[in-house]
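Some notes on the structure that comes next.
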Amino acid sequence: MTDPTIENLERRCPRLGSPITFQYCLISGEDDTICGKILDCWWERFDVENYLKNNMSAAEFNSLMARAEKPPNKISSIVEIVEAAKKRVED
Ligand code: SF4
């Protein structure tokens, strides 16, 4: 069951450079499929992976997961930031 509150959420699309709704992301991929950046673009706003899993067939969801760009891993991002800071202090 889709949630109109979620589907009407807005953000700036990095590809278009303009505001879009989540609903647009569901049809903006090739052949009107889900955009492959949907996980990366929305993970900070709500549990997008779980939302899609509950609103797609298992085959569609697995296909999306195989091609989607994933959000950055928080731990590896923190480690990269610490390493960059250490390097700046050493230089
Ligand atoms: S998921 Fe795709 S269409 Fe939606 S904001 Fe990100 S890049 Fe734009």
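Per-structure values
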| item | result |
| --- | --- |
| GNM flexibility winner over the chain from Cys25, Cys41, Cys13 (Cα, springs under 10 Å) | Cys13 |
| Under-5 Å amide H pairs with Arg11, H placed in peptide plane, nonlocal only | Ile20 |
| Point-to-point label distance, Asn8-Asp31, nm (Cα→Cβ direction, 7 Å offset) | 3.2 |
| In the chain, lysine pairs closer than 30 Å at Cα, eight or more apart or cross-chain | 9 |
| Cα-Cα pairs of region 20-91 separated by more than 13 Å (percent) | 71 |
| Förster radius 25 Å - calculated FRET efficiency between Glu44 and Leu16, Cβ distance, rounded to 0.05 | 0.85 |
| Part-to-part distance (alpha-carbon centres) for region 1-53 and region 73-91, which is given in Å | 30 |
| Helical mean residue ellipticity (222 nm; -39500 (n - 2.57) per DSSP H run of 4+; nearest 500) of the chain | -14000 deg cm²/dmol |
| Cα-projected label distance for Lys86 with Glu69, points at 7 Å along beta-carbon direction, nm | 2.9 |
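Coordinate-derived values only; no laboratory data. This one's a predicted model, so the numbers in the text were calculated from it and none came from an experiment. Don't worry about glycine lacking a Cβ; one is built from the backbone with ideal geometry, like all the others, and counts go over all protein chains shown.
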